[in-house]
1. Specify whether the C-alpha gyration tensor of the stretch B:199-290 places it in the rounded, prolate or oblate class, a ≥ b ≥ c being the square roots of the eigenvalues: rounded for a/c under 1.5, otherwise prolate if a/b is larger than b/c and oblate if not.
2. Helix A:117-126 versus the longest principal axis of chain A: what angle, 0 to 90°, nearest 10, using Cα atoms?
3. Looking at C:V255, C:P240, C:L230, which one has the Cα that reaches farthest to the positive end of the dipole of the stretch C:207-303 (charges on Cβ: Lys, Arg +1; Asp, Glu -1)?
4. Counting other C-beta atoms within 10 Å, and keeping those with at most 16, which DSSP coil GluC sites (Glu not before Pro) do you find in the stretch A:165-266?
5. Provide, for q = 0.06, 0.11 Å⁻¹, the log10 of I(q)/I(0) from a solvent-free Debye sum over equal Cα point scatterers in the protein assembly as shown.
6. Please report the net charge: other residues with Cβ closer than 9 Å to the Cβ of C:V172, K and R +1, D and E -1.
7. Compute, for the protein assembly as shown, the length of the dipole vector about the Cα centre, with Cβ point charges of +1 (Lys, Arg) and -1 (Asp, Glu) only. Units Debye, rounded to 20.
8. Rounded, prolate or oblate: which fits the stretch B:79-201, taking a ≥ b ≥ c as square roots of the Cα gyration tensor eigenvalues, rounded meaning a/c under 1.5, else prolate when a/b beats b/c?
Amino acid sequence: MPEAARPLCLDIKGLTKRFGGFYALNGLDMAVATNHIHALIGPNGAGKTTFFNLITGVLPADDGTITFEDRTLDDARPSRRTLRGIARTFQNIRLFPHLTVLETVMIGEHCRAYPSVWRALGAAVLRRPFAQVGAERRMRDNAMELLGFLGLAGQHDEKASNLPYGDQRKLEMARALATQPRLLLLDEPAAGLNPHETEELDAVITRIRDRGVTIVLVEHDMNLVMGISDRVTVLNFGTRIADGTPAQIQADPAVIEAYLGEDAAP
Amino acid sequence: MIYQQLINGLMLGASYSLVAIGYTLIFGVLNLLYFAHGEVFMVGAFAGLYLVVYGGANIYVAMLGAMIACGVLGVIAVYVSVRPVPKDRPLAPLISTIGLTIVLQNLAVYIFGGQQVAFPETIKQQLYQLGPVTMSSVQIFILGVAVTLMAALWLFIERSKMGRAIRATAESHETAALLGVDVNRVVLVTFALGSGIAGIAGVLDGVKNSGISPFMGLAAAVKGLVVMLLGGLGNVVGAMLAGLLLGMIEILSAAYIGTTERDLASFLILILILLYRPTGLFGTRTADER
Amino acid sequence: MLHALFDGYTRSILVFTGVNIIAAYSFYAPFKTGQVSLGQAGFMAVGAYASAIMTQKFGVPFALAFPFGGLVAGIIGVLVGFPALRIKGIYLLLLTLAFAEIVQVVALSWDFAGGAQGFRQIPFNPSILEYVVGAIVVLILFFARLERSSLGRAMDAIHQDETAAEVMGVDVVRIKLLAFGLGAVIAGLAGALYAHHATYVDSSTFNIMVAVEILMFVVVGGSSTYWGPLLGAGFLTLLPEFLRTLRDWLELVPVAWTNFFPMNRVYDFLHDALDFENAKRLIVYGIIIIVMMILRPDGLLTRDALRRWRWTARHA
């Protein structure tokens, strides 16, 4: 079956994170297939943002293993993990307050253009006429292409903090995409968006997947989640209570019980 | 012999504590490094000197006068260099207090000259024997005043209405305001209180060293910072205890290692605390952990 | 060359202003990544002592001792920079301050370098002003290029949101260390230059007031552009000098204008008031600093102001 033959992008076994006596994540197992859109859902406080923080290396795990593209993911520094091909957006948007839209995306490009600090310094200072201008122009072109892809090209000179909320969310995605990830983690990308913008988001996420990126999505908007995902994992109090296709999840009694009292109607 | 050193250490430490109290109170309430606080200490010493030399006052009046003068100075500082500066700009409030430091220091130089000035004797020198320890009247006086001040301050912060208001403001300006606290007034009181105590500390220092100079503020400023961190930012009791502790550590290292090394000891301790226990020995008391 | 243009006193003023400008840039480098360091005075001391030891004790020519001072300061800078990586805000301020104070204590007790007596008879170098000007030109070019480069942008990103930058793949650790070490090198060079003009340094030459003033230069000049350190250090160093000469200007007013009442009273009052011996000058200096923070807390030149200026220049 094509499903089983497809290699795994992200394989998580027994992932655990404690804060004092409280388990944010308790022995989570999760397998994300390559080029899938995989959603992680669950009531608030279920541990979803912690999950992202562990994958990106912002927080260290207490137990469990994370395997990314068949190699263990245990780099201590987040920037190393990004170089390996993992990018993310933030739930409460974390843009650089004083940079322009274009500059923001170019930050994402930096790690690919200049993986070595000394190269970066040399490029900054020596500015050998044709070579470096070329590199800078290439970065700029890539950035503009990404902005165009997300419909922000016209605002490239605007200060990022001046953008309307929906565009800021798009900018976060453009910035993450600039790092050329193979795995993109989206933390509640639909939060605060109106229905029209959410539809747009649906299309954008699909287009990103079509470019070959694997996507893990944390989201509360069930319409979006069930409509777009290939697979859904449900988290409650840090443990997995269900895992399957959207149809399977919607019929799962454990899931319905966990969401009792919450607006789960598709 | 060691008891003698401990007493000296406590005396030095008491001075540090009194200065650090103001620092940490102000930092707790405003998240501001009030760099000019060292100069307030110096102003207190000179105010006391002035009262004794030109007003013929006794030491108690001198201390009271210094406290009032410095308290007023604290209030003026708020209106002139703290309130008008926008707080959301990085570092601008700190620079403003640095400007104030320069003004105060040079004001003192202008009025009193740049040399050390002798602080007249105000307490009859007498020696007392307490068990294995010999203490002079000066030492007893200084320690007595310091301890009384710290105890009074502690009672004020813990038991009085204004003390509660100060503690609430240190936690969060917004919550305090919602509870009906006049945050601006609290800031003024905090400055006045901290400055007043520093003023008394200045006079005590003059009594102890029999000499003061317009440049004594800088060293006090630096030591005050160290003690503030050691005790935990915003933690008043922490500052009191940390000051005494640091004083004793310094005197003991001076006695058993060497005098120049004594400053080295305090800065090494500072670095260790910064690296391994930045919340200080006794924990911080501010809402924003910066 | 520049020799002939200025007399000794003016030369000294210019050298001190230049040294301050270089010191301001030494603060600017780590500040670009958000690291506020009060330790630059300590690195200046390291550079001063290291280079002076080379020239006075070992007869090394200044041209070699100068970069040596910077190098030693830079190495120590990287060493201090490591623990500084995980500390922010006031804690970093205090750590770097502690470093500067420790350097002072070491200088005080190191008898080989003069100890409490200070390091005397450092060989005077007559071309310090030329070195200073050269260094400033290089620094401005460097920071101008850095500003427009990807590395410069990365540094700004680290300053604005370090975690977000790290997650976007920016090598925060190496860049911060680079910036901090660079700042130390620049400070060391400034110290070496000062030492070989003043010919005397001791443990109190690079004290906490110096450390704090360096911070002041950059904030007053405007910390968001690379002209800030130049403007701030230049303005604040020359201000006391300017105040000193105000009275001379007053005396240029023709006598006929002030012979009568009330102008003669005004003149007398100003003449007395402007009698700026040291302390009075500095009081005014301090007041001006406070006023500046009230009126222009972002500094003399802000990024927006610069952008507007450039825009008008291009579209005029």
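1. oblate
2. 30 degrees
3. C:L230
4. Of the GluC sites (Glu not before Pro), the ones in loops of the stretch A:165-266 whose Cβ has at most 16 other Cβ atoms within 10 Å are A:E262.
5. -0.50, -1.33
6. Net of charged neighbours comes to 0.
7. 1180 debye
8. Taking the square roots of the gyration eigenvalues as a ≥ b ≥ c, the stretch B:79-201 is oblate.
FYI, it's all coordinate maths here, none of it is from the lab. Here the structure is a predicted model, which is why all the values come from computation and not from measurement. All Cβ positions, glycine included, derive from the backbone under ideal geometry; neighbour counts span all protein chains shown.
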